[in-house]
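Have a look at the structure below before the remarks.
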Ligand code: NAD
Ligand code: MLT
């Protein structure tokens, strides 16, 4: 019987699908050395974002056929190393789209009304209404960087909130943007005009540190930035400096260059900054979706059927 190693917490719905065709071992939080020791026993691996599937782990895998990432980004898998060994890497491109989009929208609205800090103040027995005068998003301009699955849903909902939408995405046509009610512009235009900027792009060599000191200097002093995409797209020190100096209005971040977030200048900032621990995909619905999506693909490969690679 085939053996599947589940290395990160995934929904039971996925485990049940895998159990129909394989022995499933759920073993989370394994140190890399232990993973390297046991991986030769396994035909398939299922992960979320915590486990890093490095070249060393892949090289140690003697019978691995497939790595399933229960989520979108496969940046925690050394895909070229897997491909060289003929190991298929699959993901769930759509299972958490709505969850991530709704988290970005929640971050934008929370940031506008200082909800996290206002909540904490009431819980600390304060009643300070003057401190938390926020801003409306209605009639404001939202700049969406990356008009893919998540960016499109954010744009659609933001439009319904009465926002004007500018979008930057070099791989999307002006017609597609127009269908979504967005105006496609270049990045400098978006930086200059937006009251809110939300990032929905992968981290690539082109997008690493896209929001750096130079970019921040082009933005309105009131701009609020949301990143529920990937850490490393924003230069976190430059962002913290810009918030501290009042050069931008604030930021809400779900993802960080290094996760879990260690020592960071962002932690010391006040109500203008919201930080969440990579919760974009953390809804009950999304976790069921991604677990089923990836488990079905692993099951098919173990049964000798073709895979849809990430
Ligand atoms: P997608 O592939 O559907 O969309 C990404 C878009 O970015 C595409 O339209 C692409 O053309 C565009 N793009 C690529 N390079 C670009 C560049 N240099 N400049 C501007 N646009 C560029 O992906 P998606 O499902 O919408 O996911 C977007 C991001 O969100 C990914 O990084 C994904 O890993 C991340 N994500 C995070 C969470 C979370 O928990 N916070 C959850 C799901 C997805
Ligand atoms: C993803 O890429 O799907 C997200 O980062 C969510 C996650 O699985 O943690």
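The values are calculated or read from the model by the stated rules, or taken from the named source; none is laboratory data. Keep in mind that what you see is a predicted model, and the values were worked out from it rather than measured. For neighbour counting, all protein chains shown are included, and Cβ atoms are generated from backbone atoms with ideal geometry for every residue, glycine included.
When residue 283 is tested against (1) within 16 Å of ligand 2 (Cβ to nearest atom); (2) modelled with pLDDT under 95, exactly one condition is not met: (2). Exactly one residue among 49, 2, 19 is farther than 30 Å from residue 157 by Cα, surrounded by 15 or more Cβ atoms within 10 Å (Cβ to Cβ) and either under 15 Å from the mean Cα position of the chain (by Cα) or away from ligand 1 (no atom under 15 Å from the Cβ) (or both), and that residue is 2. Screening 280, 246, 262 for residues that are buried (at least 19 other Cβ atoms within 10 Å of the Cβ), part of a loop (DSSP other than H, G, I, E, B) and out of contact with any strand residue (DSSP E or B) (no Cβ under 9 Å at 6 or more places or on another chain) leaves exactly one candidate, 280.
Listed here are the residues, each with its yes/no results for (1) away from ligand 1 (no atom under 16 Å from the Cβ); (2) touching a residue at least 12 places away in the same chain (Cβ under 8 Å).
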| site | (1), (2) |
| --- | --- |
| 65 | yes, yes |
| 68 | no, yes |
| 79 | no, yes |
| 83 | yes, no |
| 92 | no, yes |
| 98 | no, yes |
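Looking across the stretch 119-160, the residues that are assigned to a loop (DSSP other than H, G, I, E, B), more than 11 Å from ligand 1 (Cβ to nearest atom), out of contact with any helix residue (DSSP H, G or I) (no Cβ under 8 Å at 6 or more places or on another chain) and under 29 Å from residue 281 (Cβ atoms) come down to 138, 140. In the stretch 150-168, is there at least one residue being under 19 Å from residue 99 (Cβ atoms), surrounded by fewer than 18 Cβ atoms within 10 Å (Cβ to Cβ) and within 16 Å of ligand 2 (Cβ to nearest atom)? Taking every residue of the stretch 150-168 in turn, none turns out to be under 19 Å from residue 99 (Cβ atoms), surrounded by fewer than 18 Cβ atoms within 10 Å (Cβ to Cβ) and within 16 Å of ligand 2 (Cβ to nearest atom).
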